[in-house]
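Notes follow once the structure below has been shown.
The values are calculated or read from the model by the stated rules, or taken from the named source; none is laboratory data. These numbers come from a predicted model, not from an experiment. Note that we place each Cβ from the backbone using ideal geometry, even for glycine, and neighbour counts take in every protein chain shown.
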Amino acid sequence: MCNINDIKRSLNKEDKVIELARQVKLIRELGEPARKFRIIDEMPMTPNMIADFQLAIKTGVPGRPPKAKATNRPTIGDKYEIRWRYDLRGDVEGPKKLPGGRTRVFCTELIDANRYYSRQDINTMSNGFNLSVFEFAGGYWTQPDGSVSPQCRHQWLMVFVEKK
């Protein structure tokens, strides 16, 4: 005979499976295929860099303040965009996906999708840990020495792209 705790555990597990399936569907539907863009430049995202690049969105030129006069050159939003690509962190050695199914489904799906996402797309996603997907990517990472990092092995790379 089942007790109430067994039923609750079963329902909780079903909820997690349903939520994971929903996130996988979102990952596949959000963003756009990489082939639709030409890469101008890309760099790893760090929380400290976000404010600097808000200026780039306004001016169209990374790291430069707005000019006093308006120019006719295309700016971000006209011809260029900032998109985000999910990839292995630069300070992590090894494959993008660990063997034996040790990489989370969330991370595997994002890597395999080969898509560029907007910030709005990323903010729609959930890594299942109630952590910001933009800041913490897939969640925590248990390193080979057993210590736990608050960020997973992956990160978002900021990609400056030109629409094809």
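General remarks:
- The requirement of being of a type in the set (Gly, Ala, Ser), modelled with pLDDT under 70 and touching a Leu at 6+ places or on another chain (Cβ under 8 Å) is fulfilled somewhere in region 51-70, by at least one residue.
- Pro33 modelled with pLDDT under 60, within 25 Å of the chain's Cα centre (by Cα) and either on the phi > 0 side of the Ramachandran plot or not β-branched (Val, Ile, Thr) (or both): no
- Single condition Tyr80 does not satisfy, out of (1) at pLDDT 85 or above; (2) more than 27 Å from Gln23 (Cβ to Cβ); (3) aromatic (Phe, Trp, Tyr): (1)
- Members of region 96-120 found to be closer than 23 Å to Arg35 by Cα, of a type outside the set (A, V, I, L, M, F, W, C) and out of contact with any Asp or Glu (no Cβ under 9 Å at 6 or more places or on another chain), listed by number: Thr108, Glu109, Asp112, Asn114, Arg119, Gln120
- Condition broken by Asp145, with the remaining ones in (1) under 17 Å from Arg22 (Cβ atoms); (2) loosely packed, with under 13 Cβ neighbours inside 10 Å; (3) of a type in the set (Asp, Glu) satisfied: (1)
- Total residues in region 81-115, condition in a helix (DSSP H, G or I) and of a type in the set (D, E, K, R): 2
- Count of residues meeting criterion [in contact (Cβ under 8 Å) with a residue 40 or more places away in the chain and surrounded by fewer than 18 Cβ atoms within 10 Å (Cβ to Cβ)] in region 112-124: 3
- Of the candidates Thr142, Thr108, the single residue that is closer than 19 Å to Arg28 by Cα and β-branched (Val, Ile, Thr) is Thr108.
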